[in-house]
Amino acid sequence: MFNIIKSSNLLPTKGIDCPKEFRSAYQNRYTWSSNFRGYKGKCDYCIGTNIYTGIFSISNDFKPIIIGLQDLDIVKLIQSQLFEFAIHRVRRSFDDIHGNKIFKFGDENEYGKKILLENMNSQDHYRIKDNVITKVERTIHNKIVVVYTNSIVKTNSGYLGHEYTSQYKDPSSRLDLGPLKSYKDNFEKLSNSDDLVLSERIINKNVINKDSGDIETYKFYNLENI
């Protein structure tokens, strides 16, 4: 977990060090190796006392296929988690993603330094601490998505988010659009490969009420390269 520190009330400042620090944290994320081929295995979707089991594969173009499950809604749920994990591990250069943006520092709190995007939506920003992107706040499809990373898994090839939260908000009122969700991800290394893949994802869809019926668990096992 990230240690809590007191806010230092830093004034926003421009400077070459801001993109340098943000670039470093961005490049410190775990991404797929250049020879990533995709992988396959078995998958379980668990909610309450119900367990649904299938077989999955995800190719090097990150398109998940699920067989052995008749419920198309559950198939889509599993596909969504596999795709979301895989697509966020794609290696894209910092300049390709952020090259046209102007950055400046904001304040500092327990999640680290605020990185403002001066020429983008005024509410969009990041926070960085200990070479990790600890917060992302972005406007997507007329909604604000806010993601906090609370703990990570360190690897020799960068970090992976281990425990984090996600919430959608209205861009005008800042009111919540749905419940706060918490995530806990675990990982496994593929045999004969350096790639780490998702082995388990636990999603609590209502952190505030902590209703056990709101907890979804996705398990991926018998994992191997394609």
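Read the figures in this text as sums done on the coordinates, not as results from a lab. Nothing here was measured: the structure is a model prediction, and the numbers come from that model. Note that each Cβ is placed from the backbone with ideal geometry, even for glycine, and that neighbours are counted across all protein chains shown.
Figures for the structure shown
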read-out: Computed P(r) (all Cα pairs; the chain; 5 Å bins; percent); value: 1, 6, 12, 16, 18, 17, 14, 9, 5, 2, 0, 0
read-out: Tilt relative to the chain, helix 72-87 - C-alpha long axis, 0 to 90 degrees, to 10; value: 50 degrees
read-out: Given charges at Cβ of Lys, Arg, Asp, Glu: the chain dipole, positive-most of LEU72, ALA86, PHE105; value: PHE105
read-out: Rounded Å value of the spacing that divides the Cα centres of the stretch 32-94 and the stretch 157-201; value: 14 Å
read-out: Helix axis angle, 17-27 relative to the chain longest principal axis, alpha carbon, degrees; value: 10 degrees
read-out: Cleavage-rule hits, chymotrypsin sites (Phe, Trp or Tyr not before Pro), the stretch 135-226, DSSP coil, Cβ neighbours within 10 Å at most 13; value: none
read-out: Charge dipole magnitude, Cβ of K and R +1, D and E -1 - the stretch 17-225, Cα centre, debye nearest 20; value: 280 debye
read-out: Pairwise FRET efficiency - ASP96 versus LYS189, Cβ, R0 = 30 Å, nearest 0.05; value: 0.60
read-out: Net length gained if the chain between VAL145 and ILE87 were fully extended (0.36 nm per residue, minus Cα distance); value: 19.1 nm
